[in-house]
Amino acid sequence: MLLFALGFLLVILQPSTGQFPRVCANVQSLLSKECCPPWDGDGSPCGELSSRGSCQNILLSQAPLGPQFPFSGVDDREDWPSVFYNRTCRCEGNFMGFSCGECKFGFSGLNCTERQVKTRRNIFQLTASEKNKFLAYLNLAKNIPSQDYVIATGTYTQMNNGSNPMFRDINVYDLFVWMHYYASRDTLLGGSNVWRDIDFAHEAPGFLPWHRVFLLIWERQIQRITGDENFTIPYWDWRDAEDCEVCNDEYMGGRHPTNPNLLSPASIFSSWQVICTRSEEYNSQQALCGATSEGPIRRNPGNNDKSRTPRLPSSADVEFCLSLTQYESGPMDKMANYSFRNTLEGFADPQTAISNPAQSGLHNALHIYMNGSMSQVQGSANDPIFLLHHAFVDSIFERWLRRHRPMLEVYPAANAPIGHNRENYMVPFIPLYRNGEFFKPSRELGYDYEYLQEPALQSFQDLLTPYLQQARQIWAWLVGAAVFGGIVTAVLTGLIRACRKKKGGTSSEIQPLLIESEDYNNITYQSNF
């Protein structure tokens with residue numbers, strides 16, 4: 001019923017952040033390699049007439065990459081997004097978006113000058129109505145086509161270098177599933193050859209910033225299509241959980257009564273169809289995922305390979321991970337030791353921080369434990385538990401940032417795997433975001449976590465308020481004391497002057513209490529301290 005009631009909100013769809021902007025998915029834009037759409041507010045490219053931004057050449061990082069990808073010029077994602085576009089909108093101030101028509105994360109208002117911080121909450125702390133609204137929003141996103149973005153169904157070469165565009169429509173939820181697939185897919189080398197040791201969103205420094213951006217733009221898209229500007233993604237705190245606490249029909253779907261690999265028919269998610277899960281098929285065809293339906297969500301939590309993931313992560317695992325002082329180390333991939341990122345991602349042991357890809361800890365452990373659609377990297381976002389899980393992973397990243405307060409320079413500037421250097425643009429986002437731009441506290445990006453919130457620092461006025469209130473209560477006494485003090489001072493001054501006139505002078509042993517102004521210049525100040 002709630003889904004039906006939300007249907008009318010389709011008309012309020014506004015530009016957001018995603019993959020290929022629809023207005024740039026055409027022959028002219030691809031051949032000119034320019035994506036600088038007009039802003040609706042004034043009709044000028046990038047809102048230039050309103051000083052929102054301008055069309056500029058893309059500045060690509062020249063920093064050297066790590067050795068993990070030994071090719072050049074074979075993958076559309078190299079030096080993103082230069083294969084498709086080398087000119088895009090560069091927005092000014094707090095403006096953002098592919099046409100500079102939005103506000104940066106953490107800002108709102110007509111001119112994007114109003115700071116805002118929204119709170120992500122534990123899904124079990126939501127009221128029944130809030131929880132049901134969240135589920136309805138998910139289902140709405142699965143059934144609404146994206147108005148602003150399309151996905152590529154072929155490589156740039158298959159598009160005949162732009163003269164034969166290959167794009168298609170997609171619903172809002174699946175747009176994000178496809179983006180996660182596109183960032184982590186294998187490189188197609190021609191024939192039946194592929195390169196698997198490549199991932200623009202995992203197994204390297206960009207893992208945490210990339211998923212932070214992913215959640216932020218997903219959150220904003222839901223705000224757009226529902227008109228609920230206060231919406232935030234809830235998180236599932238899975239520390240010390242004995243089983244999948246959200247795997248029931250009240251939340252993210254229970255187990256099917258006759259097929260343990262499927263969801264209960266009572267869950268709205270049982271009717272969802274997954275996309276982008278057949279990587280071997282795409283590789284053999286040298287094709288991209290076309291986002292066609294590939295069957296229902298599969299999930300069989302707890303019936304996973306116990307030799308790889310014996311249990312869900314514990315509070316002790318998280319605390320040890322947070323104690324690590326290095327964000328990244330060594331080869332900066334899944335073999336990194338004593339790396340906070342690699343330990344949180346789950347390729348290093350959460351008790352020693354030594355790399356062990358044969359085991360799955362922390363983040364990876366949840367994916368493996370779900371034993372289904374969520375356990376395969378490229379298609380893992382098909383399961384909506386993905387959002388709850390990654391929101392909590394992001395909160396751990398946030399805890400580390402607050403505890404260690406790293407400088408931006410802590411994030412590697414060079415020699416990271418392809419796409420993961422600090423100044424590299426994240427694949428496949430347009431507008432463009434650099435990895436380093438999201439290596440900072442979440443409050444600067446407009447959000448916080450309920451369980452991490454600290455009392456806000458009081459303003460100067462707030463600090464003075466209790467003292468001012470006390471002053472009002474004793475105001476009459478203060479005035480009286482001031483008057484009495486003035487009278488006493490006047491009497492004493494008169495007595496002193498009278499005494500001076502009687503004595504007519506002073507000796508060197510007896511100096512006056514007060515110095516007359518005409519005597520000031522004749523006395524040399526000397527300290528006896």
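The values are calculated or read from the model by the stated rules, or taken from the named source; none is laboratory data. Bear in mind the structure is a predicted one, so any value in this text is a computation, not a measurement. Ideal geometry is used to build each Cβ from the backbone, glycine not excepted, and the neighbour counts take in all protein chains shown. These area figures cover heavy atoms from the full protein model, side chains too; ligands, DNA and RNA do not enter into them. Shrake-Rupley method; radii C 1.70, N 1.55, O 1.52, S 1.80 Å.
Identify, please: which residue in segment 393-421 is β-branched (Val, Ile, Thr) and closer than 16 Å to Phe340 by Cβ and is, among those, most open to solvent (accessible area, probe 1.4 Å)?
Filtering first and then ranking leaves Val410.
Would you confirm, using the coordinates I've provided, whether Met370 is open to solvent by 20 Å² or more (accessible area, probe 1.4 Å) and of a type in the set (A, V, I, L, M)? Spell out how you get there, then give the answer.
Numbers: open to solvent by 20 Å² or more (accessible area, probe 1.4 Å): no; of a type in the set (A, V, I, L, M): yes.
No: the conditions fail for Met370.
Looking only at segment 290-310, which residues are out of contact with any helix residue (DSSP H, G or I) (no Cβ under 8 Å at 6 or more places or on another chain), open to solvent by 70 Å² or more (accessible area, probe 1.4 Å) and in contact (Cβ under 8 Å) with a residue 24 or more places away in the chain?
Correct list: Asn303 only.
Which pairs have Cβ atoms under 8 Å, sit 6 or more apart or on different chains, and link a residue in segment 392-415 that is among the polar types (S, T, N, Q) to one that is surrounded by fewer than 17 Cβ atoms within 10 Å (Cβ to Cβ) and assigned to a helix (DSSP H, G or I)?
Ser395/Tyr451; Ser395/Leu452
Report, by residue number, each residue of segment 346-359 that is surrounded by 24 or more Cβ atoms within 10 Å (Cβ to Cβ) and in contact (Cβ under 8 Å) with a residue 40 or more places away in the chain.
The one that is surrounded by 24 or more Cβ atoms within 10 Å (Cβ to Cβ) and in contact (Cβ under 8 Å) with a residue 40 or more places away in the chain: Phe347.
Only one of (1) open to solvent by 40 Å² or more (accessible area, probe 1.4 Å); (2) more than 30 Å from Thr187 (Cβ to Cβ); (3) in contact (Cβ under 8 Å) with a residue 40 or more places away in the chain; (4) among the hydroxyl-bearing types (Ser, Thr, Tyr) fails for Ser284. Which number is that?
Going through the list (1) open to solvent by 40 Å² or more (accessible area, probe 1.4 Å); (2) more than 30 Å from Thr187 (Cβ to Cβ); (3) in contact (Cβ under 8 Å) with a residue 40 or more places away in the chain; (4) among the hydroxyl-bearing types (Ser, Thr, Tyr), Ser284 breaks only (2).
Among (1) of a type in the set (Phe, Trp, Tyr); (2) under 20 Å from Ile170 (Cβ atoms); (3) open to solvent by 10 Å² or more (accessible area, probe 1.4 Å), where does Tyr251 come up short?
That leaves (2) as the condition not met.
Which one of the conditions (1) in contact with a helix residue (DSSP H, G or I) (Cβ under 9 Å, 6 or more places away or on another chain); (2) more than 18 Å from Lys131 (Cα to Cα); (3) modelled with pLDDT of 95 or more; (4) among the hydroxyl-bearing types (Ser, Thr, Tyr) does Thr187 fail to meet, given that it meets all the rest?
In the conditions (1) in contact with a helix residue (DSSP H, G or I) (Cβ under 9 Å, 6 or more places away or on another chain); (2) more than 18 Å from Lys131 (Cα to Cα); (3) modelled with pLDDT of 95 or more; (4) among the hydroxyl-bearing types (Ser, Thr, Tyr), Thr187 misses (1) alone.
Checking Glu319 against (1) within 15 Å of Asp394 (Cα to Cα); (2) more than 23 Å from the chain's Cα centre (by Cα); (3) of a type in the set (Asp, Glu), which test does it fail?
(2)
Considering only segment 187-236, state which residues are among the charged types (D, E, K, R), assigned to a loop (DSSP other than H, G, I, E, B) and surrounded by 21 or more Cβ atoms within 10 Å (Cβ to Cβ).
Within segment 187-236, Asp199, Glu203 meet the criteria.
Quick one: would you say Gly162 is farther than 26 Å from Trp39 by Cβ, modelled with pLDDT of 95 or more and open to solvent by less than 10 Å² (accessible area, probe 1.4 Å)?
No, not satisfied.
Within the group Gly302, Gly295, Gly346, Gly330, which residue is in contact with a strand residue (DSSP E or B) (Cβ under 7 Å, 6 or more places away or on another chain) and small (Gly, Ala, Ser)?
Gly295 is the lone residue from the list that is in contact with a strand residue (DSSP E or B) (Cβ under 7 Å, 6 or more places away or on another chain) and small (Gly, Ala, Ser).
Given (1) within 30 Å of Glu450 (Cα to Cα); (2) touching a Cys at 6+ places or on another chain (Cβ under 8 Å), identify the lone condition not met by Glu250.
Status for Glu250: all satisfied but (2).
Ala63 passes all but one of (1) crowded, with 18+ Cβ neighbours inside 10 Å; (2) under 27 Å from the mean Cα position of the chain (by Cα); which number fails?
If we test Ala63 against (1) crowded, with 18+ Cβ neighbours inside 10 Å; (2) under 27 Å from the mean Cα position of the chain (by Cα), just (1) comes out false.
Looking for whichever is in a loop (DSSP other than H, G, I, E, B), open to solvent by 50 Å² or more (accessible area, probe 1.4 Å) and more than 22 Å from Cys276 (Cα to Cα) here; the options are Tyr327, Tyr338. Which one fits?
Exactly one of Tyr327, Tyr338 is in a loop (DSSP other than H, G, I, E, B), open to solvent by 50 Å² or more (accessible area, probe 1.4 Å) and more than 22 Å from Cys276 (Cα to Cα), namely Tyr338.
Which of (1) at pLDDT below 95; (2) farther than 30 Å from Lys133 by Cα is the odd one out, the single condition Ser29 does not satisfy?
Among (1) at pLDDT below 95; (2) farther than 30 Å from Lys133 by Cα, the lone unmet condition for Ser29 is (1).
Let me spell it out: the conditions are (1) in contact (Cβ under 8 Å) with a residue 12 or more places away in the chain; (2) of a type outside the set (A, V, I, L, M); (3) open to solvent by 10 Å² or more (accessible area, probe 1.4 Å), and Cys276 meets all of them except one. Which number is the exception?
(3)
Quick one: is Glu319 among the acidic types (Asp, Glu) and outside any loop (DSSP other than H, G, I, E, B)?
Yes: the conditions hold for Glu319.
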